[in-house]
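K.L.:
Pasting in a structure now, in C-alpha coordinates, and then I'll have a few things to ask.
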Amino acid sequence: MSEKTSSKKGLSATLLLAIAIIATAVVVGLVAYYYGQQAATKPKANLLVIYHWWTSGGEKAAIDALVKVYQQKYPDVGVVQSPVAGGAGYVMKAVMKSMVAAGEAPDAFQMHLGYEMKPYIDAGFLEPIDDLWRSEGWEQVFPPVIRDMANWNGHYYAVPVNIHRANVLWYNKKILDLYGIDPSTLKTWDGFFAACEKLKAAGITYPIAMGGIGKWEIAHAIEQIFLSQGVDFYQDLINGKLTDPNDPRLVNAFTIMKRYMSYVNPDYASLTWDQAVAKVIRGEAAFTIMGDWANGEFYVAGKVFGVDYGAMPSPGTEGIYMIVSDAFELPKGAMHPDNAIKWLKLVGSREGQDTFNPIKGSIPARIDADISKYGPYQRQAIQDFKNARYMAPSIVHGSGAPEKFASAFNDIASKFASDKDIAAACKAIIDAINTAKSDYTKTWHLTG
Ligand code: GAL
(Lines give C-alpha, C1' and ligand atoms only; values in the text may rest on other atoms or scores of the structure.)
Protein backbone atom coordinates (compact mmCIF):
# COMPACT_ATOMS: atom_id res chain seq x y z
CA MET A 1 0.00 0.00 0.00
CA SER A 2 1.41 3.42 -1.00
CA GLU A 3 1.80 6.08 1.69
CA LYS A 4 -0.65 8.31 -0.11
CA THR A 5 -3.41 5.71 -0.13
CA SER A 6 -3.01 4.93 3.56
CA SER A 7 -3.09 8.60 4.58
CA LYS A 8 -6.19 9.07 2.43
CA LYS A 9 -7.80 6.13 4.18
CA GLY A 10 -6.74 7.54 7.57
CA LEU A 11 -8.29 10.88 6.64
CA SER A 12 -11.64 9.43 5.67
CA ALA A 13 -11.74 7.34 8.88
CA THR A 14 -11.13 10.49 10.94
CA LEU A 15 -13.83 12.29 9.01
CA LEU A 16 -16.28 9.48 9.61
CA LEU A 17 -15.48 9.47 13.31
CA ALA A 18 -15.99 13.24 13.49
CA ILE A 19 -19.34 12.97 11.71
CA ALA A 20 -20.37 10.18 14.08
CA ILE A 21 -19.45 12.27 17.15
CA ILE A 22 -21.32 15.31 15.87
CA ALA A 23 -24.35 13.22 14.99
CA THR A 24 -24.38 11.63 18.47
CA ALA A 25 -24.06 15.02 20.11
CA VAL A 26 -26.98 16.33 18.07
CA VAL A 27 -29.14 13.32 18.99
CA VAL A 28 -28.21 13.55 22.68
CA GLY A 29 -28.92 17.28 22.58
CA LEU A 30 -32.30 16.75 20.99
CA VAL A 31 -33.25 14.03 23.46
CA ALA A 32 -32.17 16.22 26.38
CA TYR A 33 -34.14 19.14 24.95
CA TYR A 34 -37.20 16.94 24.48
CA TYR A 35 -37.11 15.61 28.04
CA GLY A 36 -36.32 19.06 29.38
CA GLN A 37 -39.42 20.38 27.66
CA GLN A 38 -41.41 17.45 28.99
CA ALA A 39 -40.19 18.09 32.58
CA ALA A 40 -40.95 21.78 32.33
CA THR A 41 -44.51 21.16 31.23
CA LYS A 42 -45.14 18.12 33.46
CA PRO A 43 -47.45 19.18 36.29
CA LYS A 44 -45.97 18.79 39.79
CA ALA A 45 -47.93 16.50 42.10
CA ASN A 46 -49.86 18.47 44.69
CA LEU A 47 -48.47 16.88 47.82
CA LEU A 48 -47.48 17.50 51.39
CA VAL A 49 -44.66 15.20 52.46
CA ILE A 50 -44.05 15.02 56.21
CA TYR A 51 -41.76 12.89 58.37
CA HIS A 52 -42.30 11.97 62.00
CA TRP A 53 -41.68 9.11 64.42
CA TRP A 54 -45.18 8.72 65.76
CA THR A 55 -45.75 5.02 65.26
CA SER A 56 -47.01 3.69 68.61
CA GLY A 57 -50.77 3.21 69.01
CA GLY A 58 -51.40 6.54 70.75
CA GLU A 59 -48.92 8.50 68.66
CA LYS A 60 -50.35 7.25 65.37
CA ALA A 61 -53.92 7.99 66.41
CA ALA A 62 -52.94 11.57 67.23
CA ILE A 63 -51.06 12.38 64.02
CA ASP A 64 -53.72 10.68 61.89
CA ALA A 65 -56.36 12.92 63.46
CA LEU A 66 -54.32 16.03 62.67
CA VAL A 67 -53.67 14.93 59.09
CA LYS A 68 -57.38 14.28 58.68
CA VAL A 69 -58.16 17.90 59.54
CA TYR A 70 -55.59 19.01 56.96
CA GLN A 71 -57.18 16.81 54.34
CA GLN A 72 -60.63 18.16 55.12
CA LYS A 73 -59.34 21.71 54.71
CA TYR A 74 -57.28 21.02 51.57
CA PRO A 75 -58.88 18.06 49.82
CA ASP A 76 -56.83 18.64 46.68
CA VAL A 77 -53.53 18.03 48.49
CA GLY A 78 -52.31 14.46 48.89
CA VAL A 79 -50.62 13.99 52.26
CA VAL A 80 -47.71 11.58 52.34
CA GLN A 81 -46.81 10.64 55.89
CA SER A 82 -43.42 8.99 56.24
CA PRO A 83 -43.24 7.63 59.75
CA VAL A 84 -39.84 6.33 60.87
CA ALA A 85 -40.33 3.99 63.82
CA GLY A 86 -38.16 4.53 66.89
CA GLY A 87 -39.29 6.38 70.00
CA ALA A 88 -37.93 9.87 70.65
CA GLY A 89 -36.75 9.87 67.05
CA TYR A 90 -33.67 7.82 67.79
CA VAL A 91 -33.79 6.40 64.26
CA MET A 92 -35.39 9.29 62.41
CA LYS A 93 -33.04 12.00 63.59
CA ALA A 94 -30.10 10.46 61.72
CA VAL A 95 -32.22 9.73 58.64
CA MET A 96 -33.43 13.31 58.51
CA LYS A 97 -29.96 14.79 58.92
CA SER A 98 -28.68 12.92 55.90
CA MET A 99 -31.78 13.70 53.82
CA VAL A 100 -31.60 17.41 54.56
CA ALA A 101 -27.86 17.54 53.94
CA ALA A 102 -28.39 15.82 50.59
CA GLY A 103 -30.94 18.47 49.58
CA GLU A 104 -33.81 16.02 49.91
CA ALA A 105 -35.70 17.67 52.74
CA PRO A 106 -39.39 16.85 52.98
CA ASP A 107 -41.96 19.64 53.35
CA ALA A 108 -41.83 19.42 57.14
CA PHE A 109 -40.48 17.05 59.74
CA GLN A 110 -40.92 16.45 63.45
CA MET A 111 -38.29 18.12 65.54
CA HIS A 112 -37.95 19.22 69.16
CA LEU A 113 -37.68 22.86 70.10
CA GLY A 114 -34.35 23.90 71.54
CA TYR A 115 -30.88 22.61 70.77
CA GLU A 116 -32.11 19.96 68.33
CA MET A 117 -32.89 22.74 65.85
CA LYS A 118 -29.48 24.31 66.04
CA PRO A 119 -27.38 22.18 63.66
CA TYR A 120 -30.01 22.72 60.95
CA ILE A 121 -30.09 26.46 61.55
CA ASP A 122 -26.30 26.75 61.68
CA ALA A 123 -26.03 24.96 58.35
CA GLY A 124 -28.66 27.25 56.81
CA PHE A 125 -31.16 24.45 56.17
CA LEU A 126 -34.23 26.13 57.67
CA GLU A 127 -36.21 29.20 56.64
CA PRO A 128 -36.91 31.72 59.38
CA ILE A 129 -40.69 31.85 59.83
CA ASP A 130 -41.02 35.18 61.66
CA ASP A 131 -43.66 36.39 59.18
CA LEU A 132 -45.80 33.37 59.91
CA TRP A 133 -45.44 33.90 63.65
CA ARG A 134 -46.55 37.49 63.11
CA SER A 135 -49.49 36.80 60.78
CA GLU A 136 -50.77 33.95 62.95
CA GLY A 137 -50.40 35.96 66.16
CA TRP A 138 -48.37 33.17 67.76
CA GLU A 139 -46.37 35.47 70.03
CA GLN A 140 -49.63 36.21 71.84
CA VAL A 141 -50.64 32.58 72.37
CA PHE A 142 -47.42 30.66 73.07
CA PRO A 143 -45.98 31.09 76.57
CA PRO A 144 -42.58 32.76 77.00
CA VAL A 145 -40.71 29.52 77.73
CA ILE A 146 -41.90 28.06 74.41
CA ARG A 147 -41.18 31.25 72.48
CA ASP A 148 -37.68 31.22 73.86
CA MET A 149 -37.13 27.61 72.81
CA ALA A 150 -38.43 28.19 69.25
CA ASN A 151 -36.20 31.20 68.71
CA TRP A 152 -32.54 31.12 67.70
CA ASN A 153 -30.46 34.20 66.84
CA GLY A 154 -33.54 36.38 67.13
CA HIS A 155 -35.61 34.39 64.61
CA TYR A 156 -38.36 31.84 64.88
CA TYR A 157 -37.59 28.65 62.99
CA ALA A 158 -40.34 26.30 64.12
CA VAL A 159 -43.88 26.09 65.38
CA PRO A 160 -44.69 23.85 68.37
CA VAL A 161 -47.64 21.49 68.30
CA ASN A 162 -47.60 20.56 71.99
CA ILE A 163 -45.97 20.48 75.38
CA HIS A 164 -45.25 17.05 76.81
CA ARG A 165 -44.21 16.55 80.41
CA ALA A 166 -41.23 14.24 80.83
CA ASN A 167 -41.15 13.82 84.62
CA VAL A 168 -44.17 11.60 85.10
CA LEU A 169 -44.53 8.43 87.15
CA TRP A 170 -47.32 6.25 85.74
CA TYR A 171 -48.84 3.57 87.89
CA ASN A 172 -51.32 0.76 87.68
CA LYS A 173 -53.93 1.94 90.17
CA LYS A 174 -55.46 -1.49 90.68
CA ILE A 175 -52.13 -2.92 91.80
CA LEU A 176 -51.53 -0.02 94.18
CA ASP A 177 -55.02 -0.38 95.63
CA LEU A 178 -54.62 -4.13 96.00
CA TYR A 179 -51.40 -3.80 97.98
CA GLY A 180 -52.48 -0.75 99.95
CA ILE A 181 -49.94 1.66 98.47
CA ASP A 182 -50.93 5.30 98.79
CA PRO A 183 -49.57 7.30 95.81
CA SER A 184 -48.79 10.22 98.11
CA THR A 185 -46.00 8.06 99.61
CA LEU A 186 -44.30 7.96 96.21
CA LYS A 187 -43.18 11.57 96.24
CA THR A 188 -39.70 10.73 97.48
CA TRP A 189 -37.26 8.09 96.24
CA ASP A 190 -37.29 6.42 99.66
CA GLY A 191 -41.07 6.19 99.60
CA PHE A 192 -41.02 4.94 96.03
CA PHE A 193 -38.45 2.24 96.74
CA ALA A 194 -40.37 1.18 99.86
CA ALA A 195 -43.39 0.58 97.60
CA CYS A 196 -41.22 -1.37 95.13
CA GLU A 197 -39.95 -3.50 98.01
CA LYS A 198 -43.46 -4.19 99.19
CA LEU A 199 -44.55 -5.27 95.72
CA LYS A 200 -41.48 -7.42 95.26
CA ALA A 201 -42.19 -9.19 98.54
CA ALA A 202 -45.74 -9.78 97.30
CA GLY A 203 -44.45 -11.55 94.19
CA ILE A 204 -44.20 -8.75 91.63
CA THR A 205 -40.53 -9.34 91.05
CA TYR A 206 -40.02 -6.39 88.71
CA PRO A 207 -42.37 -3.62 89.78
CA ILE A 208 -40.76 -1.02 87.47
CA ALA A 209 -41.16 -1.39 83.71
CA MET A 210 -38.53 0.16 81.48
CA GLY A 211 -37.58 0.00 77.82
CA GLY A 212 -34.08 0.50 76.46
CA ILE A 213 -33.94 -0.56 72.84
CA GLY A 214 -33.02 2.97 71.79
CA LYS A 215 -30.96 3.71 74.95
CA TRP A 216 -32.85 7.00 75.42
CA GLU A 217 -35.52 5.19 77.48
CA ILE A 218 -32.88 4.60 80.17
CA ALA A 219 -31.50 8.13 79.88
CA HIS A 220 -35.07 9.36 80.29
CA ALA A 221 -35.29 7.75 83.74
CA ILE A 222 -31.87 9.09 84.76
CA GLU A 223 -32.82 12.56 83.56
CA GLN A 224 -35.79 12.59 85.94
CA ILE A 225 -33.49 11.42 88.75
CA PHE A 226 -31.13 14.29 87.88
CA LEU A 227 -34.07 16.67 88.10
CA SER A 228 -34.89 15.34 91.56
CA GLN A 229 -31.46 16.48 92.71
CA GLY A 230 -32.68 20.07 92.51
CA VAL A 231 -33.23 22.71 89.90
CA ASP A 232 -29.83 24.29 90.58
CA PHE A 233 -28.14 21.02 89.81
CA TYR A 234 -30.17 20.47 86.65
CA GLN A 235 -29.55 24.03 85.51
CA ASP A 236 -25.80 23.60 85.95
CA LEU A 237 -26.01 20.36 84.03
CA ILE A 238 -27.77 21.85 81.00
CA ASN A 239 -25.59 24.93 81.05
CA GLY A 240 -22.52 22.69 80.93
CA LYS A 241 -21.37 24.03 84.28
CA LEU A 242 -20.80 20.78 86.18
CA THR A 243 -17.12 20.13 86.65
CA ASP A 244 -16.73 17.69 89.54
CA PRO A 245 -17.27 13.94 89.05
CA ASN A 246 -17.55 13.70 92.84
CA ASP A 247 -20.35 16.24 93.03
CA PRO A 248 -22.58 14.61 95.67
CA ARG A 249 -25.72 15.33 93.64
CA LEU A 250 -24.31 13.54 90.61
CA VAL A 251 -23.13 10.61 92.71
CA ASN A 252 -26.47 10.49 94.50
CA ALA A 253 -28.35 10.43 91.20
CA PHE A 254 -26.49 7.39 89.91
CA THR A 255 -26.81 5.73 93.33
CA ILE A 256 -30.58 6.11 93.01
CA MET A 257 -30.49 4.75 89.46
CA LYS A 258 -28.55 1.73 90.63
CA ARG A 259 -31.26 0.97 93.15
CA TYR A 260 -33.94 1.69 90.53
CA MET A 261 -32.39 -0.90 88.20
CA SER A 262 -32.80 -3.61 90.82
CA TYR A 263 -36.58 -3.39 90.32
CA VAL A 264 -36.54 -3.16 86.49
CA ASN A 265 -37.50 -5.97 84.09
CA PRO A 266 -34.24 -7.66 83.01
CA ASP A 267 -35.26 -7.67 79.35
CA TYR A 268 -35.40 -3.85 79.27
CA ALA A 269 -32.72 -3.56 76.57
CA SER A 270 -34.93 -5.24 74.00
CA LEU A 271 -38.12 -3.31 74.78
CA THR A 272 -39.51 -0.10 73.34
CA TRP A 273 -40.98 2.57 75.62
CA ASP A 274 -44.53 1.59 74.70
CA GLN A 275 -43.85 -2.07 75.41
CA ALA A 276 -42.79 -0.96 78.89
CA VAL A 277 -46.01 1.03 79.27
CA ALA A 278 -47.93 -2.05 78.10
CA LYS A 279 -46.50 -4.00 81.04
CA VAL A 280 -48.10 -1.47 83.39
CA ILE A 281 -51.35 -1.55 81.40
CA ARG A 282 -51.46 -5.35 81.67
CA GLY A 283 -50.58 -5.28 85.36
CA GLU A 284 -47.26 -7.10 84.98
CA ALA A 285 -45.50 -4.10 86.50
CA ALA A 286 -46.77 -1.32 88.73
CA PHE A 287 -44.69 1.66 87.57
CA THR A 288 -43.00 3.28 84.64
CA ILE A 289 -41.36 6.68 84.38
CA MET A 290 -42.13 8.08 80.95
CA GLY A 291 -43.25 11.28 79.31
CA ASP A 292 -46.97 11.86 79.02
CA TRP A 293 -47.09 10.38 75.53
CA ALA A 294 -47.66 7.26 77.70
CA ASN A 295 -51.13 8.65 78.34
CA GLY A 296 -51.95 8.02 74.67
CA GLU A 297 -51.16 4.33 75.16
CA PHE A 298 -53.51 4.06 78.13
CA TYR A 299 -56.18 5.73 75.99
CA VAL A 300 -55.87 3.34 73.06
CA ALA A 301 -55.94 0.42 75.51
CA GLY A 302 -59.29 1.77 76.74
CA LYS A 303 -58.03 2.43 80.28
CA VAL A 304 -59.64 5.04 82.51
CA PHE A 305 -57.55 7.58 84.40
CA GLY A 306 -58.20 7.43 88.14
CA VAL A 307 -59.70 3.94 87.84
CA ASP A 308 -57.18 1.79 85.99
CA TYR A 309 -54.16 4.02 86.10
CA GLY A 310 -52.80 7.17 87.67
CA ALA A 311 -49.92 9.58 87.22
CA MET A 312 -47.91 11.98 89.35
CA PRO A 313 -44.65 13.88 89.09
CA SER A 314 -41.74 11.44 89.29
CA PRO A 315 -40.24 11.28 92.81
CA GLY A 316 -38.65 14.50 94.01
CA THR A 317 -39.90 16.67 91.13
CA GLU A 318 -43.20 18.07 92.35
CA GLY A 319 -43.72 21.64 91.14
CA ILE A 320 -41.29 21.18 88.26
CA TYR A 321 -42.45 20.68 84.68
CA MET A 322 -39.90 19.05 82.44
CA ILE A 323 -40.78 20.24 78.96
CA VAL A 324 -40.67 18.26 75.73
CA SER A 325 -42.06 20.17 72.78
CA ASP A 326 -42.63 18.71 69.31
CA ALA A 327 -42.49 21.12 66.42
CA PHE A 328 -42.43 21.45 62.65
CA GLU A 329 -40.41 23.87 60.51
CA LEU A 330 -39.93 24.99 56.93
CA PRO A 331 -36.87 23.36 55.35
CA LYS A 332 -35.16 25.40 52.64
CA GLY A 333 -35.90 23.96 49.24
CA ALA A 334 -39.03 22.11 50.36
CA MET A 335 -40.76 20.66 47.29
CA HIS A 336 -44.21 22.01 48.17
CA PRO A 337 -43.66 25.17 50.23
CA ASP A 338 -47.25 26.42 49.94
CA ASN A 339 -48.62 23.17 51.29
CA ALA A 340 -45.92 23.19 53.97
CA ILE A 341 -47.00 26.64 55.14
CA LYS A 342 -50.61 25.48 55.31
CA TRP A 343 -49.40 22.58 57.45
CA LEU A 344 -47.49 24.87 59.81
CA LYS A 345 -50.55 27.09 60.16
CA LEU A 346 -52.66 24.11 61.15
CA VAL A 347 -50.01 22.80 63.55
CA GLY A 348 -49.92 26.12 65.38
CA SER A 349 -53.67 26.73 65.32
CA ARG A 350 -56.09 26.22 68.17
CA GLU A 351 -58.04 23.74 66.07
CA GLY A 352 -54.90 21.76 65.20
CA GLN A 353 -53.61 21.65 68.75
CA ASP A 354 -57.00 20.76 70.22
CA THR A 355 -57.29 17.91 67.71
CA PHE A 356 -53.83 16.44 68.20
CA ASN A 357 -53.12 16.82 71.91
CA PRO A 358 -56.22 15.30 73.53
CA ILE A 359 -55.22 12.02 71.82
CA LYS A 360 -51.46 12.40 72.17
CA GLY A 361 -51.45 12.84 75.95
CA SER A 362 -49.75 16.22 75.87
CA ILE A 363 -51.11 19.65 76.62
CA PRO A 364 -51.40 22.26 73.89
CA ALA A 365 -48.54 24.72 73.53
CA ARG A 366 -51.17 27.45 73.13
CA ILE A 367 -52.61 29.06 76.21
CA ASP A 368 -56.11 29.42 74.75
CA ALA A 369 -57.00 25.73 74.38
CA ASP A 370 -60.52 24.40 74.73
CA ILE A 371 -59.99 22.52 77.99
CA SER A 372 -63.27 20.65 77.65
CA LYS A 373 -61.63 18.56 74.91
CA TYR A 374 -59.03 17.13 77.29
CA GLY A 375 -59.13 14.18 79.67
CA PRO A 376 -58.57 14.37 83.44
CA TYR A 377 -54.82 13.72 83.34
CA GLN A 378 -54.34 16.54 80.86
CA ARG A 379 -56.59 18.98 82.71
CA GLN A 380 -54.41 18.41 85.74
CA ALA A 381 -51.30 18.82 83.59
CA ILE A 382 -52.60 22.13 82.21
CA GLN A 383 -53.02 23.33 85.81
CA ASP A 384 -49.59 22.01 86.81
CA PHE A 385 -48.01 23.82 83.89
CA LYS A 386 -49.67 27.08 84.92
CA ASN A 387 -48.60 26.67 88.53
CA ALA A 388 -45.14 25.22 87.95
CA ARG A 389 -42.44 26.71 90.14
CA TYR A 390 -39.87 25.69 87.57
CA MET A 391 -39.84 24.62 83.97
CA ALA A 392 -36.92 22.63 82.70
CA PRO A 393 -36.09 21.62 79.10
CA SER A 394 -35.40 17.93 78.54
CA ILE A 395 -31.95 16.89 77.36
CA VAL A 396 -33.05 13.46 76.18
CA HIS A 397 -35.82 14.99 74.06
CA GLY A 398 -33.63 17.45 72.25
CA SER A 399 -34.11 20.74 74.02
CA GLY A 400 -31.87 21.30 77.01
CA ALA A 401 -28.31 20.55 75.98
CA PRO A 402 -26.19 20.35 72.82
CA GLU A 403 -26.69 17.25 70.70
CA LYS A 404 -23.16 16.08 71.32
CA PHE A 405 -23.88 15.85 75.03
CA ALA A 406 -27.36 14.38 74.56
CA SER A 407 -26.11 11.52 72.44
CA ALA A 408 -23.21 10.81 74.82
CA PHE A 409 -25.73 10.79 77.66
CA ASN A 410 -27.70 7.98 75.98
CA ASP A 411 -24.55 5.87 75.75
CA ILE A 412 -23.60 6.60 79.35
CA ALA A 413 -27.10 5.64 80.48
CA SER A 414 -27.18 2.35 78.66
CA LYS A 415 -23.69 1.41 79.84
CA PHE A 416 -24.62 2.27 83.40
CA ALA A 417 -27.79 0.20 83.25
CA SER A 418 -25.67 -2.87 82.67
CA ASP A 419 -22.41 -2.25 84.58
CA LYS A 420 -23.81 0.00 87.36
CA ASP A 421 -20.43 1.60 87.81
CA ILE A 422 -21.27 4.86 89.59
CA ALA A 423 -17.79 6.40 89.50
CA ALA A 424 -17.38 5.64 85.79
CA ALA A 425 -20.79 7.13 84.96
CA CYS A 426 -20.11 10.34 86.93
CA LYS A 427 -16.77 10.76 85.21
CA ALA A 428 -18.33 10.07 81.81
CA ILE A 429 -20.93 12.81 82.38
CA ILE A 430 -18.24 15.38 83.17
CA ASP A 431 -16.16 14.22 80.20
CA ALA A 432 -19.19 14.52 77.91
CA ILE A 433 -19.80 18.08 79.10
CA ASN A 434 -16.18 18.97 78.47
CA THR A 435 -16.21 17.41 75.02
CA ALA A 436 -19.28 19.43 74.04
CA LYS A 437 -18.02 22.60 75.75
CA SER A 438 -18.00 24.90 72.72
CA ASP A 439 -21.55 23.85 71.76
CA TYR A 440 -23.16 25.30 74.90
CA THR A 441 -24.31 28.57 73.38
CA LYS A 442 -27.44 29.09 75.44
CA THR A 443 -27.69 29.91 79.13
CA TRP A 444 -30.85 28.64 80.76
CA HIS A 445 -32.38 30.46 83.72
CA LEU A 446 -34.98 28.07 85.02
CA THR A 447 -38.07 29.70 86.44
CA GLY A 448 -41.79 29.02 86.44
C1 GAL B 1 -40.63 12.24 72.23
C2 GAL B 1 -41.63 13.04 71.45
C3 GAL B 1 -43.02 12.59 71.78
C4 GAL B 1 -43.15 11.08 71.76
C5 GAL B 1 -41.95 10.35 72.33
C6 GAL B 1 -41.88 8.86 72.07
O7 GAL B 1 -39.32 12.63 71.92
O8 GAL B 1 -41.48 14.38 71.78
O9 GAL B 1 -43.94 13.20 70.93
O10 GAL B 1 -43.45 10.72 70.48
O11 GAL B 1 -40.75 10.89 71.88
O12 GAL B 1 -41.74 8.55 70.74
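K.L.:
Just the residues that are in contact with a Cys (Cβ under 9 Å, 6 or more places away or on another chain) and part of a helix (DSSP H, G or I), please, taken from the range 264-305.
P.N.:
none
K.L.:
Turning to a different aspect of this structure: If I ask for residues that are within 16 Å of the ligand (Cβ to nearest atom) and either in contact with a Ser or Thr (Cβ under 7 Å, 6 or more places away or on another chain) or closer than 16 Å to residue 149 by Cα (or both), which ones from the range 316-347 would you list?
P.N.:
321, 322, 323, 324, 325, 326, 327, 328, 329
K.L.:
If you take the residues of the range 76-97 that are open to solvent by 60 Å² or more (accessible area, probe 1.4 Å) and closer than 27 Å to residue 342 by Cβ, which of them is farthest from the chain's Cα centre (by Cα)?
P.N.:
That would be 76.
K.L.:
Would you say residue 407 is open to solvent by 50 Å² or more (accessible area, probe 1.4 Å) and in a helix (DSSP H, G or I)?
P.N.:
On the way: open to solvent by 50 Å² or more (accessible area, probe 1.4 Å): yes; in a helix (DSSP H, G or I): yes.
When the stated conditions are applied, residue 407 passes them.
K.L.:
For the range 417-448, enumerate the residues that are hydrophobic (A, V, I, L, M, F, W, C) and either within 21 Å of residue 151 (Cα to Cα) or under 23 Å from the mean Cα position of the chain (by Cα) (or both).
P.N.:
Of everything in the range 417-448, those that are hydrophobic (A, V, I, L, M, F, W, C) and either within 21 Å of residue 151 (Cα to Cα) or under 23 Å from the mean Cα position of the chain (by Cα) (or both) turn out to be 417, 429, 432, 433, 436, 444, 446.
K.L.:
Picking from 78, 89, 124, 114, which residue would you name as being on the phi > 0 side of the Ramachandran plot and more than 16 Å from the ligand (Cβ to nearest atom)?
P.N.:
Working: 78 fails: on the phi > 0 side of the Ramachandran plot; 89 fails: more than 16 Å from the ligand (Cβ to nearest atom); 114 fails: more than 16 Å from the ligand (Cβ to nearest atom).
Just a single option satisfies the conditions, and that option is 124.
K.L.:
May I ask you to verify whether residue 424 is open to solvent by less than 60 Å² (accessible area, probe 1.4 Å), free of Cβ contacts under 8 Å to residues at least 40 places away in the same chain and either out of contact with any Gly (no Cβ under 9 Å at 6 or more places or on another chain) or among the aliphatic types (A, V, I, L, M) (or both)?
P.N.:
It is true that residue 424 is open to solvent by less than 60 Å² (accessible area, probe 1.4 Å), free of Cβ contacts under 8 Å to residues at least 40 places away in the same chain and either out of contact with any Gly (no Cβ under 9 Å at 6 or more places or on another chain) or among the aliphatic types (A, V, I, L, M) (or both).
K.L.:
Name the residue that is nearest to the ligand (Cβ to nearest atom), counting only residues in the range 100-111 that are open to solvent by less than 40 Å² (accessible area, probe 1.4 Å) and touching a Ser or Thr at 6+ places or on another chain (Cβ under 9 Å).
P.N.:
Selected residue: 109.
K.L.:
Right, another one. Within the set of pairs 6 or more residues apart or between chains, which connect a residue that is closer than 21 Å to residue 442 by Cβ inside the range 236-250 to a residue that is among the aromatic types (Phe, Trp, Tyr) and in a loop (DSSP other than H, G, I, E, B) with Cβ atoms less than 7 Å apart?
P.N.:
Matching pairs, first to second residue: 238/444; 239/440; 239/444; 240/440.
The values are calculated or read from the model by the stated rules, or taken from the named source; none is laboratory data. From a predicted model like this one, the values you see are computed outputs, not experimental measurements. FYI the Cβ positions are ideal-geometry reconstructions off the backbone, even for glycines, and counts take in every protein chain you see. With ligands, DNA and RNA removed, areas are computed over all heavy atoms of the protein, side chains included. Shrake-Rupley method; radii C 1.70, N 1.55, O 1.52, S 1.80 Å.
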